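Engineer: Below are the structure tokens for one structure; questions will follow.
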Amino acid sequence: MTEPNERLVVIRHAPYSSNELREGLDVALVAAAFGQAVSLLFLGQGVLALLKEQKAGAPGQKSTLPTIDMLEMYDIETILVPTETLQNFNITADQLVDGVTLLPISDLPDLFQRYDYVLNF
Amino acid sequence: MLHILNKPPHSDAAVQMLSTLSGNDTIVLIEDGVQAALHPEWQGWATNEVSIFLLVEDAISRGIHSIAVAHGLPLIEVDDFVVLTEQNEQIISWY
Amino acid sequence: MEYGLLVMGAPYRSAAPHSALRFAQSVLNKGHHIKGVFFYQEGVHNASQLMTPPQDELNIREAWVELHRQYGVSLDVCIAAALRRGVMSESEAKRHGQVNFNLESPFELTGLGQLLELQQRCDRLITFA
């Protein structure tokens, strides 16, 4: 069950390919810092942001893994990934950071209906 | 829920959108989203209970209008698009 | 009805600013109100004062300014996204030791909290990216 004002931030972009991932995560962090309940859903390329073995990128490119590791500190505890998305990328759950909740992709329609505020990045 | 798709029908954005559809949702295809008119096999067209509209201006500008008409696809004006946003409280853009 | 727009596409790179302006015009013609437009990610380039397209192309920044002039729509630009892309006001330029600036009123630099508030205060928030 979700509280009123609960917010869903959807992340769909891979690390290092653009700034979209980082700036999407920033919105989630700011909302959490304002005391809002935030859930994160990683779709498509976005799941790559959760691979735990990520290292530094090209010189000067800021990595996003430290931000992912910080989510719990911001009380963002709901990190959702569809099982089918992992399968599409041939990734297993143990290759991801801790704290990820898998859900069947068929749950997405209901999931989207549950939140008052959705932002899609 | 209203979904706005501005990417081609086989893009990641389109695939992701399809995975979130509920019955009675509505889709507006804008910008490159109108390319769906070129793909009668697109999964979106087979979704029951979901209404799909193409923004007529974007279909015309891209030379797809007569194809959309020939396929009997529903075309809407920007004003109708706004009406759909009035009718749907939840609106998600897929890009 | 109160509308808010989130614009994340850059002018002359993305159709998003054109789609957003077209949508805004129709919303306003129908008698609705637009509380604000929030520019984020590549959308911050919409605010660049130095934008100088050829005469036969729309100056997108001016189109936003016109929307503000006619309807009082506020034009908020994410400060973090703008600064890292070299879009800044005179005061921010001074603060960061820059000689030049390219963002002026009616565009305002603001934090991401403004986006969250816009979404909560509007009946509808529409994203163009």
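Engineer: Roughly how big is chain C's charge dipole about its Cα centre, with Cβ charges of +1 (Lys, Arg) and -1 (Asp, Glu), in debye to the nearest 20? Write down the numbers at each step before the final one.
Structural biologist: Values: 12 positive and 13 negative charges, 42 e Å.
Dipole of chain C, to the nearest 20 debye: 200 debye.
Engineer: Here's another thing I want to ask about it. What does the average come to when, for each residue of peptide B:49-62, you count the partner chain Cβ atoms lying within 10 Å of its Cβ? Don't skip to the answer; put the middle values down first.
Structural biologist: Numbers: counts 0, 0, 0, 0, 0, 0, 3, 0, 2, 3, 0, 0, 1, 0.
Going residue by residue through B:49-62 and averaging, the value is 1.
Engineer: Where the centre of each part is set by its Cα atoms, how far does the stretch A:81-121 sit from the stretch B:1-64, in angstrom?
Structural biologist: Measuring centre to centre over Cα atoms gives 22 Å.
Engineer: Summing -39500 (n - 2.57) over the DSSP H runs of n ≥ 4 in chain C and dividing by its residue number, what mean residue ellipticity at 222 nm do you reach, to the nearest 500 deg cm²/dmol? Let's see the in-between values first.
Structural biologist: Working: 5 runs with 47 residues, N = 129.
Helices in chain C give a 222 nm mean residue ellipticity of -10500 deg cm²/dmol.
Engineer: Going by average Cβ neighbours within 10 Å, how do the peptides B:40-51, C:20-31, B:23-34, C:63-74 rank, with the highest at the top? Spell out each step's value before the answer.
Structural biologist: Numbers: B:40-51: 12.9, C:20-31: 18.5, B:23-34: 21.8, C:63-74: 16.5.
Result, highest mean first: B:23-34, C:20-31, C:63-74, B:40-51.
Engineer: Hey, another quick one. Using every Cα-Cα pair within the stretch A:56-121, state what percent have a distance larger than 16 Å. Walk me through the numbers on the way to the answer.
Structural biologist: On the way: 1317 of 2145 pairs.
Taking all Cα-Cα pairs of the stretch A:56-121, the fraction more than 16 Å apart is 61 percent.
Engineer: Name the residue farthest towards the positive end of the dipole of chain A from the options A:Gly24, A:Val97, A:Leu40, assuming +1 on Cβ of Lys and Arg, -1 on Cβ of Asp and Glu, about the Cα centre.
Structural biologist: In chain A, that residue is A:Gly24.
Engineer: Sticking with this structure for a sec: For chain B, what is the charge dipole size about the Cα centre, in debye to the nearest 20, if Lys and Arg each add +1 at the Cβ and Asp and Glu each add -1 at the Cβ? Can you show the working numbers first?
Structural biologist: Working: 2 positive and 13 negative charges, 59 e Å.
Dipole of chain B, to the nearest 20 debye: 280 debye.
Engineer: Give me, ordered by chain and number, the residues 5 or more places off C:Ile126 or on other chains with an amide H under 5 Å from its own placed amide H.
Structural biologist: C:Gly4, C:Leu5, C:Leu6
Engineer: Moving to a separate point now. Across 5 Å bins from 0, what is the distribution of all Cα-Cα pair distances for the stretch B:2-94, in whole percents?
Structural biologist: 3, 15, 29, 27, 19, 7, 0
Engineer: Based on C-alpha coordinates, I'd like the Rg and Dmax of chain C, in Å.
Structural biologist: Taking only Cα atoms of chain C, I get Rg and Dmax of 14.0, 45 Å.
Engineer: Moving on to the next point. Can you give the mean number of other chain Cβ atoms that lie within 10 Å of the Cβ atoms in peptide C:11-21? Before the final figure, lay out the partial values.
Structural biologist: Values: counts 0, 0, 0, 3, 7, 5, 0, 1, 10, 0, 0.
Across the residues of C:11-21, the mean count of other-chain Cβ atoms within 10 Å is 2.
None of the figures in this text is laboratory data; all of them are computed from the coordinates on show. Just so it is clear, the structure is predicted and the values come from calculations on it, not from any experiment. FYI the Cβ positions are ideal-geometry reconstructions off the backbone, even for glycines, and counts take in every protein chain you see.
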